[in-house]
Each structure stands twice: as C-alpha cells, then as structure tokens.
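Trainee: Have a look at this one before I ask anything.
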C-alpha cells in the first residue's frame, strides 16, 4: 500500500471512530450516506449546541482511543487466524494440540526439574489444556459478550500458566520471575494504590511459589477482557468484511 493509501486509510478510521462516538447520542451518524434518510442533522439551536459540544468532546476521546484501535486491528488479525485454526481443528483438535504442546513441556519438566516441579508443571498444563478447550468452545458459541468475557481470558490463561509455573522451578527461566516481580511492584505502586489494596497485599502475601501463578492468572483474565474490548472497538469502526455494516460502508 502506498503512503497516500495509508494516510487515506488512517483518515477514514479516524472519521469512523468519531462517527461512532457521535452515534452514542445522536442517530444516523455512521455510513449514513447509504441510508434513505441520510445523516441526522440538528434542526434547532439547542440541538446544534449539544451536537457541537458532543463532537468537540469526541476529539480528545478519539485521540486517546486511536492507538488502542490500531492495536485492536492487529489483535483481530491474529484472532481471526486463531478462529480459522479452531474451525479447521474443531474443539477436540484444539484440545489435542494443546495437550501435545504442554505435554511436551511437562515431559521436559520431568527431565529437567525435581519431582515437585514436574507435578506442578503437569497440573498447570492440564489447566491450560482445559482453558484452551473452553476458549475454543466459547468462541464457537458466538456472541460478542461470550467471546469477550469468557473466550479471551481462557485463551490468555492457556498461554500464560504453564511457562510461569515452569519458571518457578527452572533457573534458566528466572527472567520470567524477575519480570513478574517488577510488574507486580509496578501494579502495587500504581493501579493497586486505590483503597490501600497494595498495603493489604504486601502485608499478607509474598511474591513466591503459588502467589506468582495466582498473580499471572489475575493478570491474564483482565488482559483477555482488554484484548476483547479493543477487538470490539476495531469491529465497530471497521467491521469485518462480509458483515452488513461493512457492505454499506464500502
């Protein structure tokens, strides 16, 4: 794609994002050129004032959301590949593939780690395989809410859990724990300062053993929700090809 085409595409996305913002309050703002009634316009002085104020409020909102929109496009691209793979494999195929992948990690843990480490990695792998199957199942059920609330968090847990547990027992993966500790400190010093949550966590827990696993489960779940939300934003601004909205927008 040429530079001019990229710039034009960015402009279209920005306009659509702002129109999506406008449509939260005012009707017929998106793809109205293809509608019989056309784009809604304010007719009274009061409506015009509200319309312009809402449009002005949307400018900083668009500026904040646009980077997340671009990230949403990237995540959606990879999510489509995952959906295509799960469609070809089926839920049982996803479970078998996950079992082979994390089973190989468990077998490696049997060779490299002490017995308790092998058992821990094996247990984490079982949870990851179940999570992968549930993620595929919820994705196949359809519905944006089911996908965002259930499928994405399950997928994140399926990816994160076994490597983190393996890092608890394997010195060669100590970097995972070091980054976990740095990330935990960041969360405690920023997000979790609200209501003294950080002080309570520091007083009652230490970041070792199962606490690291629980921390990553706690991270993976809202991370899945976040990824699901930005993909939803991407679908709202640039609907998937083949959808009704996409057809009217072309």
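The values are calculated or read from the model by the stated rules, or taken from the named source; none is laboratory data. Fair warning: this is a prediction, and the values are worked out from it, not measured in the lab. Heads up, the Cβs are rebuilt from the backbone with ideal geometry, glycines too, and the neighbour counts pull from every protein chain shown.
Trainee: Being closer than 25 Å to residue 231 by Cβ and modelled with pLDDT of 85 or more is the requirement here; does residue 10 meet it?
Mentor: So residue 10 does not fit the description; no.
Trainee: Further question on the same structure: Tell me which residues, restricted to segment 121-162, are buried (at least 22 other Cβ atoms within 10 Å of the Cβ), more than 16 Å from residue 97 (Cα to Cα) and more than 17 Å from the chain's Cα centre (by Cα).
Mentor: The answer is 121, and nothing else.
Trainee: Please identify the pairs in which a residue from segment 22-33 that is on the phi > 0 side of the Ramachandran plot and modelled with pLDDT of 70 or more has its Cβ atom under 7 Å from the Cβ atom of a residue that is surrounded by 15 or more Cβ atoms within 10 Å (Cβ to Cβ) and assigned to a loop (DSSP other than H, G, I, E, B), counting only partners at least 6 apart or on another chain.
Mentor: Here the result reads 28/39; 28/40, each pair linking segment 22-33 to a residue that is surrounded by 15 or more Cβ atoms within 10 Å (Cβ to Cβ) and assigned to a loop (DSSP other than H, G, I, E, B).
Trainee: Does residue 111 fit the bill of being at pLDDT 90 or above and farther than 30 Å from residue 9 by Cα?
Mentor: In short, no.
Trainee: Right, here's the next one. From the list 73, 77, exactly one residue is touching a residue at least 12 places away in the same chain (Cβ under 8 Å) and either part of a helix (DSSP H, G or I) or closer than 25 Å to residue 18 by Cβ (or both). Which is it?
Mentor: Within the list 73, 77, the selection yields 73.
Trainee: Can you go through 165, 96 and tell me which one is out of contact with any strand residue (DSSP E or B) (no Cβ under 7 Å at 6 or more places or on another chain) and either loosely packed, with under 14 Cβ neighbours inside 10 Å or without any contact (Cβ under 8 Å) to a residue 12 or more places away in the chain (or both)?
Mentor: 96
Trainee: Further, regarding this structure: From the list 133, 117, which residue is closer than 24 Å to residue 90 by Cα, without any contact (Cβ under 8 Å) to a residue 60 or more places away in the chain and in a helix (DSSP H, G or I)?
Mentor: Answer to the check: 133.
Trainee: Given the options 104, 55, 85, 63, name the one that is surrounded by 13 or more Cβ atoms within 10 Å (Cβ to Cβ), assigned to a helix (DSSP H, G or I) and either in contact with a strand residue (DSSP E or B) (Cβ under 8 Å, 6 or more places away or on another chain) or free of Cβ contacts under 8 Å to residues at least 12 places away in the same chain (or both).
Mentor: 85
Trainee: Name the residue, out of 203, 236, that is assigned to a helix (DSSP H, G or I), modelled with pLDDT of 75 or more and surrounded by fewer than 11 Cβ atoms within 10 Å (Cβ to Cβ).
Mentor: Being assigned to a helix (DSSP H, G or I), modelled with pLDDT of 75 or more and surrounded by fewer than 11 Cβ atoms within 10 Å (Cβ to Cβ) holds for just one of 203, 236, which is 203.
Trainee: Turning to a different aspect of this structure: Looking at this structure, is residue 159 in contact (Cβ under 8 Å) with a residue 60 or more places away in the chain and within 30 Å of residue 14 (Cα to Cα)?
Mentor: Against the criterion (in contact (Cβ under 8 Å) with a residue 60 or more places away in the chain and within 30 Å of residue 14 (Cα to Cα)), residue 159 does not qualify.
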